[in-house]
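Asks: I'd like to ask you about the structure that follows.
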Amino acid sequence: MKTKDELIDDLLALSFAEDIGDGDHTTLSTIGPDAMGKQHLLVKEPGILAGVEMARKVFQKFDPSLKMTVFINDGAVVKPGDIAFVVEGPVRSLLQTERLMLNIMQRMSGVATETARYQKQLEGLDCYVLDTRKTTPGMRMLEKDAVKIGGGKNHRIGLFDMILIKDNHVDFAGGITAAVSRAKDYCRNNGKNLKIEVEVRNEDEINEAIAAGVDRIMLDNFTPERTKEAVAIIRKAAPGVEIESSGGITFDTLRAYGEAGVDFVSVGALTHSVKGLDLSFKAC
């Protein structure tokens, strides 16, 4: 399995290939090979900055001679007019890395900003907003990093680092008990140490999941009122089991789920439809 760094290297290689192709002919035809210059990253709307370290990777992968001076780090609250960093070096390199760097930083900053907005709704509660697998293909690692930068927590990264038994798994396996038993056997036989989470739809399934000995229970499409009742059952019978709410939860209803006593609330909107933060990369 590839490491996170290897996946990011692959993403950058593919991104440069699809953008530059056989050459940035505009830059190559208008800018001399010896021209040197400087550009700065300008913040144009308020939010949470994310992707500074990824920007460094972009510049270094394309041209190690580019020099980056950082003034504002990942996770900082920014406002219009702020200068996050300055990059100096060959003008051709600055121009050819500009769009990829901005695409990454705008996306990551948008995710971090939205995550911070959601997490603030849970202020004062022992509850965190979680991301999902509803991410941009190829950019999952970056978007999940942005969620953490914004103050949220990561759910599983992919299908490989946690067992999440959802309704279809339960139905095909013949019930929660059978599904969990098979999952535990699989982990034992394959040397895997993975948390097991089960999605439940009603009180009977909650009790079955508790009896099966799972690590986390996901309450799927419960109302806040039903969630509170479910939390009381789980806390009494299995106080060590984590509880997650999921399914149709919005910014306006988020607080009610946190107040119901769950540990986590998963929200696909953190990544699947977020607006990028307005940033620009200008000569200075």
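Asks: Quote the relative contact order of the range 242-284 in percent (integer), defining contacts as alpha-carbon pairs under 8 Å separated by 6+ residues.
Replies: On the way: 27 pairs, mean separation 17.5, N = 43.
For the range 242-284, the relative contact order is 41 percent.
Asks: To continue, here is another question. After finding the eigenvalues of the alpha carbon gyration tensor for the range 1-66, what semi-axes result from the square roots of 5 times each, listed largest first in whole Å?
Replies: Each semi-axis is the square root of five times an eigenvalue, giving 24, 20, 12 Å.
Asks: Additional query: How do 3-10, 49-56, 226-233 rank on mean C-beta neighbours within 10 Å, highest first?
Replies: Those peptides, ordered most packed to least, come out 49-56, 226-233, 3-10.
Asks: Would you kindly work out the equivalent ellipsoid of the range 65-124 from its C-alpha gyration tensor and give its semi-axes, the square roots of five times the eigenvalues, largest first in whole Å? Spell out each step's value before the answer.
Replies: Numbers: eigenvalues 168, 33, 13 Å².
Semi-axes from the Cα gyration tensor: 29, 13, 8 Å.
Asks: Taking only Cα atoms of the chain, what ratio of Rg to Rh do you get with Rh as the Kirkwood inverse-distance radius?
Replies: Computed over Cα atoms, the ratio is 1.08.
Asks: Given a 1.4 angstrom probe, I'd like the percentage of the accessible area of the chain that is carbon and sulfur, rounded to a whole number.
Replies: Accessible surface attributable to carbon and sulfur in the chain totals 51 percent.
Asks: Expressed as an acute angle from 0 to 90° and rounded to the nearest 10, what is the orientation of the C-alpha long axis of helix 140-149 relative to the principal long axis of the chain?
Replies: Approximately 80 degrees, to the nearest 10.
Asks: Let me ask something additional. Any idea of the accessible area per residue across the chain, 1.4 Å probe, to the nearest Å²? Walk me through the intermediate numbers first.
Replies: Numbers: 13940 Å² over 284 residues.
Roughly 49 Å² per residue, with all protein chains present.
Asks: Would you mind counting up the charge near H155? Only other residues with Cβ under 11 Å from its Cβ, with Lys and Arg at +1 and Asp and Glu at -1. Before the final figure, lay out each step's value.
Replies: Working: positive: R133, K134, K144, K153, R156, K195, R216; negative: D131, D161, E197, E244.
Counting the neighbours of H155, the net charge comes to +3.
Asks: Using the per-residue mean of other Cβ atoms lying within 10 Å as a proxy for protection, in what order, highest first, do the peptides 23-36, 270-283 fall?
Replies: Ranked by mean Cβ neighbours within 10 Å, highest first: 270-283, 23-36.
Asks: Round to the nearest 10 and give me the degree value, 0 to 90, for the angle of helix 176-190's Cα axis relative to the longest principal axis of the chain.
Replies: Computed tilt is about 60 degrees.
Asks: Further question on the same structure: Please give the FRET efficiency for K184 paired with Q60, using the beta carbon to beta carbon distance and R0 = 25 Å, rounded to the nearest 0.05.
Replies: With R0 = 25 Å, the Cβ-Cβ based efficiency is 0.05.
Asks: Further, regarding this structure: How much mean residue ellipticity at 222 nm does the chain get from its helices, if each DSSP H run of length 4 or more adds -39500 (n - 2.57) and you divide by all residues, to the nearest 500 deg cm²/dmol?
Replies: Roughly -14500 deg cm²/dmol at 222 nm, from the helical runs in the chain.
Asks: Give me the percent relative contact order of the range 135-284, please, defined on Cα pairs under 8 angstrom at least 6 residues apart. List each step's numbers first, then the result.
Replies: Values: 174 pairs, mean separation 26.5, N = 150.
About 18 percent, as a whole number.
Asks: Would you work out if the range 113-261 is rounded, prolate or oblate? Take a ≥ b ≥ c from the square roots of the eigenvalues of the alpha-carbon gyration tensor; rounded if a/c is under 1.5, else prolate when a/b is larger than b/c, oblate otherwise.
Replies: oblate
Asks: Any idea what the relative contact order of the chain is, in percent, if you count C-alpha pairs under 8 Å spaced at least 6 apart?
Replies: Answer for the chain is 22 percent.
Asks: Tilt of helix 52-62 relative to the longest C-alpha principal axis of the chain, in degrees (0 to 90, nearest 10)?
Replies: That helix lies at roughly 50 degrees to the long axis.
Asks: First measure r as the distance between the Cβ atoms of T136 and N73, then evaluate 1/(1 + (r/R0)^6) with R0 = 22 Å and state the FRET efficiency to the nearest 0.05.
Replies: Calculated value: 0.40.
Asks: What list of whole percents do you get for P(r) of the range 85-185, with Cα-Cα distances grouped in 10 Å bins up to the one holding the largest distance?
Replies: Histogram of Cα-Cα distances, whole percents per bin: 13, 29, 26, 21, 7, 4, 0.
Asks: Of the candidates N168, N103, N202, which one comes out as most mobile in a Gaussian network treatment of the chain with C-alpha springs shorter than 10 Å?
Replies: N168
Asks: Where in the range 45-77 does the amide nitrogen come within less than 13 Å of the point 7 Å from the Cα of V86, taken along Cα to Cβ?
Replies: Under 13 Å, as judged by backbone N against the label point of V86, lie 67-72 of the range 45-77.
Asks: Right, something else. Listed highest first by mean packing, meaning other Cβ atoms within 10 Å per residue, what order do 209-219, 134-144 come in?
Replies: Going by the mean number of other Cβ atoms within 10 Å, highest first, we get 209-219, 134-144.
Asks: What nm distance separates the two modelled labels at D278 and K166, each placed 7 Å from Cα along Cα→Cβ?
Replies: With each label point 7 Å from Cα toward Cβ, the separation is 3.6 nm.
Asks: Against the 2.2 N^0.38 Å scaling, with N counting residues, where does the range 205-284 land? I'd like the Cα-based Rg ratio to two decimal places.
Replies: Normalised Cα radius of gyration, the range 205-284: 1.49.
Asks: Each label point is 7 Å from the Cα along the Cα-to-Cβ direction; what then is the distance between the points at K38 and E242, in nm?
Replies: Using points 7 Å along Cα→Cβ, the separation is 4.6 nm.
Asks: Between A237, A269, A116, find the one with the highest GNM mean-square fluctuation for the chain; connect C-alpha pairs within less than 10 Å.
Replies: Judging by the Gaussian network model, the answer is A237.
The values are calculated or read from the model by the stated rules, or taken from the named source; none is laboratory data. Keep in mind that what you see is a predicted model, and the values were worked out from it rather than measured. Note: ideal-geometry Cβ built from the backbone for every residue, glycine included; neighbour counts use all protein chains shown. Ligands, DNA and RNA are stripped out before the accessible areas are found, and what is left, the full protein with its side chains, is counted by its heavy atoms. Shrake-Rupley method; radii C 1.70, N 1.55, O 1.52, S 1.80 Å.
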